[in-house]
Structures are given as structure tokens and as C-alpha cells.
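Trainee: Take a look at this one; I'll ask things after.
The values are calculated or read from the model by the stated rules, or taken from the named source; none is laboratory data. In this text the structure is predicted, and so the values were computed from the model without any measurement. Glycine gets a Cβ as well: all are built from the backbone with ideal geometry, and neighbour counts include every protein chain shown. Please note that ligands, DNA and RNA were not included when accessible areas were found on the heavy atoms of the full protein model with its side chains. Shrake-Rupley method; radii C 1.70, N 1.55, O 1.52, S 1.80 Å.
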Amino acid sequence: MTLRELSQLYYLNREIELDKERIETLRLKACSPFMHNLIDIPSGGYSDSSIERYNAEIID
């Protein structure tokens, strides 16, 4: 492994940790309909489009 690759390793590991945190946040939002903005909630339920949006971000 070259010195340049080693220097990039720190930043790649940091990026991975940030991505893991973001995925966990999105999972929590997708699994908890009560966390959605009340304006987006149709009467009698929660917004499926919000959950779909969170799931699409997790997949990406």
C-alpha cells in the first residue's frame, strides 16, 4: 500500500461512518410513521410517499 493510499484511507473510513449514520437515521424515519411531519399525514394514516422516499435513499 502506498503512502497516498494510506492517507486516503482515513477519509474513506470517515465517509463510511457518516454513511452508516445517515442510513440509520433514514431507517428510523422509515420505520416510525409518527416521526413524519404532521402536514404530510393524510387523514387516517401516514404518508407512504415519505416511507418510499426514505427507502429509496437507503438503497442509493
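Trainee: Limited to region 6-48, what total is found for residues that are modelled with pLDDT under 75 and hydroxyl-bearing (Ser, Thr, Tyr)?
Mentor: 4
Trainee: While we're on this one: Working only within region 14-23, note down all residues that are closer than 14 Å to Asn55 by Cβ and open to solvent by 80 Å² or more (accessible area, probe 1.4 Å).
Mentor: Arg22
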